[in-house]
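A short worksheet on the structure shown next.
The values are calculated or read from the model by the stated rules, or taken from the named source; none is laboratory data. Just so it is clear, the structure is predicted and the values come from calculations on it, not from any experiment. Note: ideal-geometry Cβ built from the backbone for every residue, glycine included; neighbour counts use all protein chains shown. The protein model used for the area step is the full one, side chains on, heavy atoms only, and it has no ligands, DNA or RNA in it. Shrake-Rupley method; radii C 1.70, N 1.55, O 1.52, S 1.80 Å.
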Amino acid sequence: MKIFITGIGSGLGEALAKEYLEAGEEVYAISKNCPKSLQNFDNLHFKALNLFATEEIKTALEILLKDVELDIAILNAGILGELKDMSETSLYEIESVMSLNVWANKVILDFLKGKTVKQIVAISSGASVSGSRGWNAYALSKSALNMLIKLYSNEMPNSHLISLAPGLIMTPMMEYIINNGDEEKFPTVKRLKESSKMEPVDAARLLIDGFSKLLEFPSGTYVDIRKI
């Protein structure tokens, strides 16, 4: 298989890449950096890229994925932003989160539209539908990502697209929420602290096993991995 993954620097992206690499698959990845755990794999094809630089994405992909037909593309890269009320969140902060979580993915999808890609999975979040207090720009961006995937599913009939909430995973993002979130002001933080969470490697294995099951859903659908 040939797999494309964004955001392999840590957390779920790193774990997904490592699982595929250890299985002998060809992994093509873009991220700000390549973690040490992945640097010794000959089957990793890596291009360093800051996805905030949206004007550089197309050129990087043209180099990385030249003549490559993909089995699956996993749009994993994303940022949380600061947990606080929407009324306290500036437009600049919202624009920054949207730039990476939505617009970078639009540029990638525009490129993939001209390629052979069997399956595209965008990593979303339960925050995209819950509307919980404090999630502000992140919730907005993931909700927009869900719609972005739905819209592109109408334009890419030869690819199967899904927006996927991966469950609760102990990533650097989750650690930030647990260590810095105000659980009195934002009740979701308290629930996250008390809920069971997967390690990235366990989540990666769960998702890899579940990717084929996503094909049973209509293209463009938002799916929560915990409900399949």
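Being open to solvent by less than 70 Å² (accessible area, probe 1.4 Å), touching a helix residue (DSSP H, G or I) at 6+ places or on another chain (Cβ under 9 Å), touching a residue at least 60 places away in the same chain (Cβ under 8 Å) and not in a loop (DSSP other than H, G, I, E, B) narrows it down to one of 3, 8, so name that one. Step by step, each of 3, 8 is checked, and only 3 is open to solvent by less than 70 Å² (accessible area, probe 1.4 Å), touching a helix residue (DSSP H, G or I) at 6+ places or on another chain (Cβ under 9 Å), touching a residue at least 60 places away in the same chain (Cβ under 8 Å) and not in a loop (DSSP other than H, G, I, E, B).
Does the range 161-176 include one or more residues that are in contact with a His (Cβ under 9 Å, 6 or more places away or on another chain), in contact (Cβ under 8 Å) with a residue 24 or more places away in the chain and either closer than 15 Å to residue 83 by Cβ or assigned to a helix (DSSP H, G or I) (or both)?
Narrowing the range 161-176 to residues in contact with a His (Cβ under 9 Å, 6 or more places away or on another chain): none.
Within the range 161-176 (the criterion being in contact with a His (Cβ under 9 Å, 6 or more places away or on another chain), in contact (Cβ under 8 Å) with a residue 24 or more places away in the chain and either closer than 15 Å to residue 83 by Cβ or assigned to a helix (DSSP H, G or I) (or both)), the answer is no, since none of the residues qualifies.
Residue 46 is checked against (1) within 23 Å of residue 113 (Cα to Cα); (2) open to solvent by less than 20 Å² (accessible area, probe 1.4 Å); (3) outside any helix (DSSP H, G or I); (4) of a type in the set (A, V, I, L, M, F, W, C) and fails just one. What number does that condition carry? It fails just one condition, (2).
Screening 82, 93 for residues that are of a type in the set (Asp, Glu) and modelled with pLDDT of 95 or more leaves exactly one candidate, 93.
Is the range 165-181 home to any residue that is at pLDDT 95 or above and either open to solvent by less than 80 Å² (accessible area, probe 1.4 Å) or in contact with a strand residue (DSSP E or B) (Cβ under 8 Å, 6 or more places away or on another chain) (or both)?
yes
Checked against the criterion of being at pLDDT 95 or above, surrounded by fewer than 23 Cβ atoms within 10 Å (Cβ to Cβ) and within 26 Å of residue 28 (Cβ to Cβ), the range 130-144 contains one or more residues that satisfy it. Residue pairs whose Cβ atoms lie under 6 Å apart, sitting 6 or more positions apart in sequence or on different chains, and linking a residue in the range 178-207 that is touching a residue at least 24 places away in the same chain (Cβ under 8 Å) to a partner that is assigned to a loop (DSSP other than H, G, I, E, B) and basic (Lys, Arg), are 186/133.
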